[in-house]
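Reviewing the structure listed below.
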Amino acid sequence: MNYQKIINEIYETVLPMQAMGRQATYIPALAEVNPEQTGMCVETLDGRRYAVGDSDVRFSIQSISKVFSLAMALSLEGDKVWKRMGREPSGASFNSLVQLELEFGKPRNPFINAGAIVVADILASRLENPEEDFICFVRSISNDTSIGYNDEVALSEYSCGYLNAAIANVLKFHNNLEGDIDRVLRLYYRICSVEMTCCQLAQAFLPFADHRREFCHSGVRLTTSQVKRMNAVMQTCGFYDEAGDFSFLVGLPGKSGVGGGIAAVCPGNYSVAVWSPRLNAKGNSVVGMKMLELLTTMTEESVF
Ligand code: GLU
C-alpha cells in the first residue's frame with residue numbers, strides 16, 4: 001500500500017476545505033490558534049511512518065486525552081470502572097448536563113466530559129501524583145519525553161469551565177465523585193491541555209491498533225481484551241453525538257477533541273492522527289473527518 005501517495009493526494013483534496021467550520025472558542029486559549037493548519041500522520045504496525053502537512057505542529061489534544069486516562073483507570077481498577085459509568089453512546093453533546101441529571105449521576109460513557117471527570121476522580125483518588133503519572137504514561141506510549149501540559153490552556157479552561165463544574169457537582173451529589181471537586185477538575189483540565197503533534201499521537205495510538213501484543217507502558221497494563229474493548233468504546237462513543245456518522249463515513253475506532261485533532265486505529269494494521277482546528281456543528285474537525293473518510297475509502301481498509 002502506497003500510504004504516502006494516498007495521504008499526499010488526500011491533503012491536496014482537503015486543503016480548500018480548511019475554511020469550513022469554526023474553531024472552538026469557548027476555551028479562550030483555543031481561539032488564538034491559527035485555524036489554517038492541517039496535518040496527518042499514519043503509523044503502521046511494521047514501524048513505517050507517513051506524514052503530510054502540519055504533522056509536526058503541536059496542538060491541544062483535549063478530549064483525545066480521555067483515551068489515555070481511561071487506559072490508566074482500567075489498569076488501576078479493571079471492570080470496577082464500569083460500575084460508575086456506562087458504555088453507551090450518549091447521543092447528546094459532550095458536556096450535556098440534562099442527561100446526567102436524568103440518569104442519576106451515572107455518565108453514559110468515559111468519553112463524554114461527565115465520564116472523563118469520573119475517570120479523573122479515579123486517578124486522583126488512586127494515585128499520589130496523578131499529573132506526573134499521567135504525563136509519564138503519555139510520554140512512554142508516545143516514545144517521546146518532550147510531551148507536556150500547557151498550563152495556560154488548562155487555566156484558561158478552568159477560569160470559564162462553568163458546565164464542567166456543574167457536571168462535577170451533579171456527580172458529587174449522586175456519590176459518583178470521591179475527591180474534592182476543585183482538585184478533580186484541575187486534574188481533568190490539565191489532562192485535556194496536553195499538547196501533541198499528529199506524529200506523536202499516531203505513535204501513541206499504535207498500541208491500540210495492536211491489541212494482540214501486551215500493553216504495558218510506564219506501569220499501565222492492559223489485557224488484550226481490555227484494549228479490544230477500549231476500541232469498541234472508541235467506535236461507539238468516540239465522536240460526541242456524531243459517532244454513528246463517523247462510523248458510517250470512516251469506519252474506524254477513534255477519538256476526537258475540540259482542538260481539532262482526531263486519532264484513530266485500523267486494528268492489526270495502522271494508527272492515524274489528523275488535525276485541523278475548524279469544527280463542524282457536532283464538534284469534530286471538518287477536514288480531519290474528511291481526511292479519514294478518504295483514507296479508508298482509498299485504502300479500502302477499515303474495521304468493516
Ligand atoms: N476540555 C474540554 C471540555 O471539557 C474537552 C472537550 C473535548 O475536546 O471534547 O470541554
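The values are calculated or read from the model by the stated rules, or taken from the named source; none is laboratory data. Please read these numbers as outputs of a predicted model, since none were measured by experiment. Using ideal geometry, Cβ is built from the backbone for each residue, glycine included, and neighbour counts are taken over all protein chains shown.
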When you go through Arg229, Arg183, Arg278, Arg213 one by one, which is the residue that is among the basic types (Lys, Arg) and touching a strand residue (DSSP E or B) at 6+ places or on another chain (Cβ under 8 Å)? Arg278
Kindly provide the set of residues from the stretch 43-80 that are of a type in the set (Ser, Thr, Tyr), away from the ligand (no atom under 16 Å from the Cβ) and in contact with a Lys or Arg (Cβ under 7 Å, 6 or more places away or on another chain), ordered by number. Ser75
Inside the stretch 16-37, the number of residues satisfying the requirement of being away from the ligand (no atom under 16 Å from the Cβ), in contact (Cβ under 8 Å) with a residue 24 or more places away in the chain and not in a loop (DSSP other than H, G, I, E, B) is 3
Considering (1) modelled with pLDDT of 95 or more; (2) not in a loop (DSSP other than H, G, I, E, B), say which one Asp241 fails and leave the rest. (1)
Residue ranges of helices (runs of 4 or more DSSP H) in the stretch 44-151 with at least 1 members closer than 26 Å to Thr25 by Cα: 65-77, 98-102, 113-126, 130-142
Go through (1) over 17 Å from Ile61 (Cβ atoms); (2) in contact with a helix residue (DSSP H, G or I) (Cβ under 8 Å, 6 or more places away or on another chain) for Glu131 and report which single condition fails. (1)
Run down Asn169, Asn129, Asn143, Asn164 and say which single residue is within 14 Å of the ligand (Cβ to nearest atom) and not charged (D, E, K, R). Asn164
Which condition number does Asn169 fail, the rest of (1) closer than 27 Å to His217 by Cα; (2) part of a helix (DSSP H, G or I) being met? (1)
Of the listed residues (Arg212, Arg183), the one being at pLDDT 95 or above, among the basic types (Lys, Arg), surrounded by fewer than 18 Cβ atoms within 10 Å (Cβ to Cβ) and away from the ligand (no atom under 13 Å from the Cβ) is Arg183
Cβ-Cβ distance below 6 Å, separation of 6 or more or different chains: which pairs start in the stretch 183-196 with a residue that is farther than 16 Å from Tyr26 by Cα and end on one that is in a helix (DSSP H, G or I) and β-branched (Val, Ile, Thr)? Tyr188/Ile117
